[in-house]
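What follows is calculated from the coordinates using simple rules that are stated; it is not laboratory data. All values reported here derive from a predicted model rather than from experimental measurement. Every residue, glycine as well, gets a Cβ built from its backbone with ideal geometry; the counts of neighbours run over all protein chains shown.
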Amino acid sequence: MAKDQGLYSICARNIAGSVSTSFSIHVEESEAAYFYSTYTGRIIKEMKPHKNKYIEEFYDLGEELGRGTAGITYHAVERLSGKR
């Protein structure tokens, strides 16, 4: 929600020490606005004139690098440029 937008900070402490970080949250009006404002959205938009293409058409996907609560990260190489 737009009212949740702002700067947040978090700190964790235990007997071994402490760590803290801060981050800013910006809320987009729609999911489409978010997609096209992100790096991935811009790259896909530039590379793909049609909506019904898959990521595998642009990248060679390799081994799994890690997993998290929001997704899985794979090693990928862009087919046009050879960039990892």
Notebook entry, point to check: Tyr54 versus Ser18, label points 7 Å from Cα toward the beta carbon: distance in nm?
Noted result: 5.0 nm
Item checked: Environment charge of Leu61, counting only residues whose C-beta is closer than 12 Å and scoring Lys/Arg +1, Asp/Glu -1 -> -4
Checklist line | Segments 63-72, 19-28 sorted - mean Cβ within 10 Å per residue, highest first | finding: 19-28, 63-72
Checklist line | Residue-span extension gain [Thr69 to Glu29] - 0.36 nm each, minus C-alpha spacing | finding: 12.0 nm
Next item on the list: Using a Förster distance of 35 angstrom, determine the FRET efficiency expected from the C-beta separation of Leu80 and Lys3, and round it to 0.05.
Entry: 0.25
